[in-house]
Amino acid sequence: MNSFKYFLFLVILPLIYLSLYIGASFAQTMSNDDYTVQMGNLNSISGRASGSGKNLTFTSGETGAHLFTGTNYKVRAGFQYINSIIPFTFSISSIFIDFGIINPTTPVTRTNDLTVSFGSAHGYQVTASQNHNLRADATGFDIPPTTCDSGTCTTTTAAAWTSSLVYGFGYRCDNITGTDCDSGFATADFYKQFISSPSAVSVMSSLNVGRNRKGRITYKVNVAGTQPSGLYTNIINYIATATF
């Protein structure tokens, strides 16, 4: 019986940090090999003023900034109403996952936690992708993505994966604090495949502000006795962005 050792490396792409109460807002372009993010002006002027024990935040250039009230409703429109006291932060508990020695038909799981705090008016999302399948660079052999017990799980559809005779690599997300993990993982033992860059899929998201919203990612790998021995690795990219 062959024995295997696999490693999974994870990286956090630079967090896109957005602040709606800076002195002025200007267009920016942020990019890497896979992504380009273009930001336009949020408004013509904005800032924070203080004096005589009072603070004032202001914006200009909005077409519908106002406090609208009526029977059973209240609408606060304008950036001054979302001057957040919660900075947008994203962290991951571990960036190196070691599956150790893996025996055929003996699934191995490992976990790490994603934590997000955000005050954006429209919430946030965390997307995930892999650079390629788990691969032994010395031989070029891959561990393929799992298709789960029924053969139906994909990068966007979760399905049950409990059989030790179903092979591959997959993941799931479980809520630790908050309810931000993708709803496809609501059922225990449901897994998905990682999608390959430059595409990405959402693993956590919310439309509500919050502090320390945490999701636990479980990585699972299982191999057949015919899988060639080797050191298999890949990189998982997580990107956290505020939404508008």
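The values are calculated or read from the model by the stated rules, or taken from the named source; none is laboratory data. Remember, it's a predicted structure, so these values are computed and weren't measured experimentally. When we count neighbours, we look across all protein chains shown, and the Cβ atoms used for this are built from the backbone with ideal geometry, even at glycine.
Give me a count of the residues in the range 87-115 that are of a type in the set (Ser, Thr, Tyr), touching a residue at least 24 places away in the same chain (Cβ under 8 Å) and not in a strand (DSSP E or B). So that I can check it myself, show each step before the final result.
Applying the first criterion (of a type in the set (Ser, Thr, Tyr)) to the range 87-115 yields 89, 91, 93-94, 105-106, 109, 111, 115.
Applying the additional criterion that residues be touching a residue at least 24 places away in the same chain (Cβ under 8 Å) yields 89, 91, 94, 105-106, 109, 111, 115.
So of that shortlist, the ones also not in a strand (DSSP E or B) come out as 94, 105-106.
Of the residues in that region, 3 qualify.
Of all the listed residues (Asn208, Asn212), the sole one being in contact with a Ser or Thr (Cβ under 8 Å, 6 or more places away or on another chain), loosely packed, with under 15 Cβ neighbours inside 10 Å and closer than 18 Å to Phe90 by Cβ is Asn212.
Every residue, every condition in (1) closer than 20 Å to Ser93 by Cα; (2) in contact with a helix residue (DSSP H, G or I) (Cβ under 6 Å, 6 or more places away or on another chain); (3) surrounded by fewer than 21 Cβ atoms within 10 Å (Cβ to Cβ), yes or no:
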site	(1), (2), (3)
Thr157	no, no, yes
Cys173	yes, yes, no
Asp180	yes, no, no
Asp189	no, no, yes
Ser197	no, no, yes
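Those residues that are more than 19 Å from the chain's Cα centre (by Cα), closer than 30 Å to Cys173 by Cβ, of a type in the set (S, T, N, Q) and at pLDDT 80 or above, I need them from the range 60-108; list them, please. Spell out how you get there, then give the answer.
First, pick out the residues of the range 60-108 that are more than 19 Å from the chain's Cα centre (by Cα): 60-85, 98-108.
From what is left, the residues that are closer than 30 Å to Cys173 by Cβ are 82, 84-85, 98-108.
Cutting the leftovers down to of a type in the set (S, T, N, Q) gives us 84, 103, 105-106.
Correct list: Asn103, Thr105, Thr106.
I'd like the full set of residues that are on the phi < 0 side of the Ramachandran plot and assigned to a strand (DSSP E or B), limited to the range 161-183. Please lay out each step first, then the result.
Step one: of the range 161-183, the residues on the phi < 0 side of the Ramachandran plot are 161-167, 169-177, 179-183.
Answer for the range 161-183, where residues must be on the phi < 0 side of the Ramachandran plot and assigned to a strand (DSSP E or B): Phe169, Gly170, Tyr171, Arg172, Cys173, Asp174, Asn175, Ile176, Thr177, Cys181.
The sole residue among Val166, Val221 that is assigned by TED's automatic domain parsing to the domain that holds Pro107, more than 16 Å from the chain's Cα centre (by Cα) and closer than 20 Å to Ser93 by Cβ is Val221. Among the residues of the range 116-131, those identified as outside any strand (DSSP E or B) and either buried (at least 20 other Cβ atoms within 10 Å of the Cβ) or at pLDDT below 95 (or both) are Gly119, Ser120, Ala121, His122, Gly123.
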